[in-house]
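A short reminder: the numbers here are calculations on the coordinates, not readings from a lab. A quick note: this is a predicted structure, and the numbers were derived from the prediction, not measured. All Cβ positions, glycine included, derive from the backbone under ideal geometry; neighbour counts span all protein chains shown.
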């Protein structure tokens, strides 16, 4: 079999892979990255899919970050509908399977693996039953869209109350469906503290979503023209469509064929230059471990923002640069109906588990001056170490309350190793329709200081 060698080959056409190719070509225009994509939809916003399903973004084509012609003009070449099946690291060759099932070998000088994550499949009998969906590819999304837009589809059950599950609950409700969410844990959105999960639960029920927490699903089975979800609370639940959204796990099968090492979290182990332990193979995105900027150790944080940044670093280094990934804090936000919840850094129990002595304050303030119409409550949980070093924040508020950007403010401070006192020193904008002389985040910082023992030094930046 003849092997055509390419200078840079990238596996994966999502956030990490495209970011890598664009950065490599930008730094060295002589590189024409070859991107191998398992489907026909490179560079689509996975995070935007709930809004296509809700109908708020009517045309799925609008979810593309860039058009095919834009990427071609940027120097990227594609092998679409080609599945990468094996890496021969010694020969520097990648085996791919084309749409007809035939296998070909592609030679590379440098390879970047961006295979992303795949849905977790919990031990539920009947996941392959017609009408049951586990979202992974664009084709899966199209199948769900076709189903929920049928006049006969009136009810939906979502198994899993994480980010994806709750966004789907919002999307299906927007379509007018009667939605039930089932979660095995005792709260929705386990990535935030129970104190914020409870009002988010109330938001769901206020918008007509039935929420069952602390319930384990055992099976999904046909029930006439419907589907029955069998669970341990013995409640009879049926629906026209069932979607299982039980989280994701890193897709490492391809990297394993090259002998790449995995880390403690089951993802591909990479250094901060996104290099695997196999020569000339980089990896980025949801398939790899992530350097935690505060803990300064690897973790697993599958996020689109992280994938973009890691891909950019991998692409730069594949082009001969010497770039390090700065790390992630797990900053994330999600809109559920008219509420936004966001978090960054460490939650109190996470901070304690890593040797910090955390104190958390939980304060509700107005998002802007109350005398200007439209002020809404903004709840903020701010966590800092005993010496005032900022560790994390969780926020919940109305969609107009700049929740995400205020979370970003704390994320920026944590990245720069600022203290609570430093947060109070920041010169932030103020106008009554948007904020207060002390921004809500600073008001919470003042409360954190007020709760500390007298005499505790609260000025200056922490070392590091």
Fill in the blank from the handout: Quick shape check on segment 68-109: root eigenvalues a ≥ b ≥ c of the Cα gyration tensor, a/c under 1.5 is rounded, otherwise prolate if a/b tops b/c, else oblate, and it reads oblate
Completion exercise
Percent antiparallel among DSSP beta bridges confined to the chain, nearest 5, equals 60
Practice task
Set the Förster distance to 30 Å, then compute FRET efficiency between residue 91 and residue 272 from the Cβ-Cβ distance, nearest 0.05.
Solution key: 0.60
Exercise for the section: Give, as ranges by residue number, the residues of segment 67-105 whose backbone N falls under 20 Å from the point 7 Å along Cα→Cβ of residue 30. Expected result: 74-77
Problem - DSSP-defined antiparallel bridges as percent of all bridges, segment 132-246, nearest 5 - result: 40
Exercise for the section: Please give the FRET efficiency for residue 236 paired with residue 4, using the beta carbon to beta carbon distance and R0 = 51 Å, rounded to the nearest 0.05. Expected result: 0.30
Fill in the blank from the handout: Two pseudo-spin positions, 7 Å from Cα along C-beta at residue 430 and at residue 40, lie apart in nanometres by 5.8
Practice task
Would you mind putting 150-162, 194-206 in packing order, based on average other-beta-carbon counts within 10 Å, highest first?
Solution key: 150-162, 194-206
Handout entry: Packing-based ranking, highest mean first, of 352-362, 13-23 given that Cβ atoms within 10 Å are counted
Key = 13-23, 352-362
Practice task
For segment 30-60 and segment 126-184, write down the distance between their C-alpha centroids in whole Å.
Solution key: 19
Completion exercise
The FRET efficiency for residue 139 and residue 69, from their Cβ-Cβ distance with R0 = 30 Å and rounded to 0.05, is 0.85
